[in-house]
Every structure is written in structure tokens, then in C-alpha cells.
Amino acid sequence: MNKKTHSLCCLLLAFCLVLGSVAPVYATKQEVEDARQTMSGLEAEKQKVEAALKNLEGLKHDAAAYVKQLDAELGVINQEMEQLAVQIEEKEAEITVTQENLEAAREVEAGQYASMKLRIKYMYERGNTSMIELLLQSSDLVQLMNRAEYIRKISEYDKDMMDEYVATKNTISAHEAELLTEHGELLYLQEQTRFKQQSTETLLSQKSTELSNFEKKIGEAQGQISEYEKDIQAQENQIKNLEAEIKRKEEAAKKAAEAAGKQYNTVSLGNINFIWPCPSSSRITSGFGGRSSPTEGASSNHQGIDIGAPTGTPIVAAASGTVVIATYSYSAGNYVMLNHGGGVYTVYMHCSQLLVSEGQQVSQGATIAKVGSTGYSTGAHLHFGIRAGGQYLNPSKYVSP
């Protein structure tokens, strides 16, 4: 075997070894670890819910305290789910980058592979002339040295080309392993989100059951109704006092503008074009006005409309305005009230999460909260109300899905 043929065989052997050097990635160990983490996460979440229910057990005699505590537990879970959502978004972005890097490395590998095939083909076709023969045919020492240098550079090129190919294959293996790990982490975060959702469903189910039990006890415990009515009255008084103060300021501003000879832009209900506050749902579960109370003690004179939607569904501002209330109450749960000017307001109740704060200016269509079942409520929905002149009006006359 001449030296050229020997070099060709060595290159072919190295090429084959490189092609087979990347062992398949077995995820057995990783799968076992993922399963262990999943079970650990599920058990931890289960224990947290059991602890929450145990804490609530002692409050079952007091509807107001029970609802407030359960809503607080739900608030914690909602915050954890928000954090998980952010982590999932970040992890998906990382996976996208890793996939792009992997594809780029594979493109480089394909180019290197094609170049090496051409080199091997050339060596095979030129195999009749050995390196030794090339050197022996030199006419003088200078040509001999030049040809020796030429042969050395070719050998270095072959070695560099092989090293680069090996490095690319290793890079691909690293990206594949990284991608596998990131997918595992994403699945874990998604599993944690699912556990949180199950916890939310468990607590909401327990809340619905207990409120039903309160209904049965209403005849013996009128205090539960009075507690609810007291909260509604306190809430209504707060709203009326707030409206009176805002009206006083608006009238003072109007007088100041007129005294200065300036135009004061007045707002009225008639020139506000409201949009539907829950874009992803058009299902009205309870209309405005007289109704059969969905929960014993709840108002039978419904001061708005209920829009049924899953927990976490976005709630948007029906019109541009200023946030004048963003708080929690036993009866309304988490709720927002917007001032649109001219004594016109909109109210959004039973939210799982508030995304605005008092004094904040919001544009029509901006997300201000998320649908929930906080307060005296037995199912996820948005209670939407419109107030004008100190009275609640039927929203269905001013807005439609």
C-alpha cells in the first residue's frame, strides 16, 4: 500500500469514526429525574392546598371571614401562576435560540461534510501518484523543499478540516443535549402550572360548597346576610362619597374655566361609546335588575350584568378613564371602578387579579384586570356595571358583545 492510499484510508477511517462518534442521547435518567420532580411538585402543591383548607376549616361559621381568607389563598396561587407564565415565556425564548443555534450548526456540518466528500473523491482519483514519487521527481533541492512544504500544507489542511468537523459535531451534540434539558424544564414549568390550576379549582369548588352550606343555614344565622348587606352598604357609601367629591371638583373646575373665559369640555353618557369589557366571552349569565339570587343573601336587584368566562380571562376598560377604586371587598371581591367624567363610571367586580391602581389613567380597551370568582361568588365571571348620576343603569342598553 503506497503512502497516498494509506493517507486516503486513514482519512476515510477518521471520517467514519467521527460520523459514529455522536452517541444517541438516552433520556432515561432525565425522564426518571423529571418524573421525580413532577411527583415532588404535585405532592408539595397538594400539601399547600390541604394546609389552606385546614386553615379555612375554623372559619366555616363566619362566611365573611371564610370568603376573605379563601380569596387570599387564591390570590397567592394566581401570583405564582403569573410567575410561572413569565418563566415559561422565557424558557420558550431560550428554546427558540437553542434551536436556531442547532440549525446553524447543522448547516455548517452539511457544508463541511460536502467538502470532505470532495476531498476524499479527489484523493481517490489521484491515488496513482504517491507523495514519495512526487518528492523523488523533484529536479533540484529547491523544488524538493517546495513540494515537501506543499505536501505538509495539504496534510495540515486535511487535519484542520477533520478537527473542524469534529468540533461542529460536538457543538451539535451540545445543542441537542441543551435542547433536551430545556424541553424538560419547560415541561416541568407547565406541569407546575397545571398543579396550580388544579389547586385553584379545588379551592373554588370548596368555596362554592361552603356558600351553598351557608344558604342552608341562613334561616338560623341571619347574621351572615347582615354581614353581606353591611359590606354592600359600606361599598355603596364609599362609591357615593367618591362620586360626590369628584362632582364637586368637576364643578369647581368648570366654574374656574368659565371665569377665565375658557371652554370647559363636558362629558355625558350620551357621548361615550362603550366597548364590551370581556372580549373573549359574550355569554351573559345574569342580566340587569330583578333576578332570583344565585347565592342566598346575594342581591336580587342585580346592579349590572354577569359575563361568564374562565378564570384569568382578560377584562378591558369599556372606555378611557381614571381608576378611582382598585381594591377588595367581601361582597365584590377584587374590583375596579373607572371615572369617565360627567358623573359616568364603570365597575368591574369579582376579579381574580387587578392590573391597575388608583389614580392611573387607562385607555379604552386596555387590560385592567382578570376574570375570577373572588368575593361572594360561586363561579368565575365578570360583574360589569355602569353608573351615571349616582344610579346603576342597564349596561345592555349601552354595550353589546
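The values are calculated or read from the model by the stated rules, or taken from the named source; none is laboratory data. Model, not experiment: these values are computed from the prediction. So basically every Cβ, Gly included, is an ideal-geometry build from the backbone, and we count neighbours across all protein chains shown.
Can you pull out every residue in the stretch 351-401 that is in contact with a strand residue (DSSP E or B) (Cβ under 8 Å, 6 or more places away or on another chain) and of a type in the set (Lys, Arg)?
LYS370, ARG387, listed by residue number.
Of all residues in the stretch 91-145, how many are in contact with a Ser or Thr (Cβ under 7 Å, 6 or more places away or on another chain) and either surrounded by fewer than 13 Cβ atoms within 10 Å (Cβ to Cβ) or modelled with pLDDT of 65 or more (or both)?
Looking only at that region, the number is 4.
If you check LYS247 against the conditions, is it among the basic types (Lys, Arg) and either modelled with pLDDT of 80 or more or assigned by TED's automatic domain parsing to the domain that holds THR98 (or both)?
yes
Name the residue, out of LEU338, LEU355, LEU382, that is assigned by TED's automatic domain parsing to the domain that holds SER281, crowded, with 23+ Cβ neighbours inside 10 Å and free of Cβ contacts under 8 Å to residues at least 40 places away in the same chain.
Only one candidate passes the filter, namely LEU338.
Being loosely packed, with under 15 Cβ neighbours inside 10 Å, among the aromatic types (Phe, Trp, Tyr) and modelled with pLDDT under 75 narrows it down to one residue among TYR264, TYR228; which is it?
Exactly one of TYR264, TYR228 is loosely packed, with under 15 Cβ neighbours inside 10 Å, among the aromatic types (Phe, Trp, Tyr) and modelled with pLDDT under 75, namely TYR264.
Among the strands (runs of 3 or more DSSP E) confined wholly to the stretch 304-363, which include 2 or more residues that are over 24 Å from ASN237 (Cβ atoms)?
So the answer is 305-308, 314-316.
Would you confirm, using the coordinates I've provided, whether GLU185 is under 25 Å from LYS68 (Cα atoms) and among the acidic types (Asp, Glu)?
When the stated conditions are applied, GLU185 does not pass them.
Would you confirm whether or not the stretch 242-254 contains a residue that is touching a residue at least 12 places away in the same chain (Cβ under 8 Å), surrounded by 11 or more Cβ atoms within 10 Å (Cβ to Cβ) and closer than 20 Å to ASN394 by Cβ?
yes
For residues that are of a type outside the set (Asp, Glu) and part of a helix (DSSP H, G or I), tally how many sit in the stretch 250-282.
Final tally of qualifying residues: 10.
What about VAL316, is it in contact with a Ser or Thr (Cβ under 6 Å, 6 or more places away or on another chain), β-branched (Val, Ile, Thr), in the same structural domain as ALA380 (by TED's automatic domain parsing) and at pLDDT 95 or above?
The answer is yes for VAL316.
Can you tell me how many residues in the stretch 269-286 are closer than 14 Å to TYR348 by Cα and of a type in the set (Val, Ile, Thr)?
1
Filter the stretch 364-392 for residues that are among the small types (Gly, Ala, Ser) and in a strand (DSSP E or B) and give the result.
Within the stretch 364-392, ALA369, GLY372, GLY385, ALA388 qualify.
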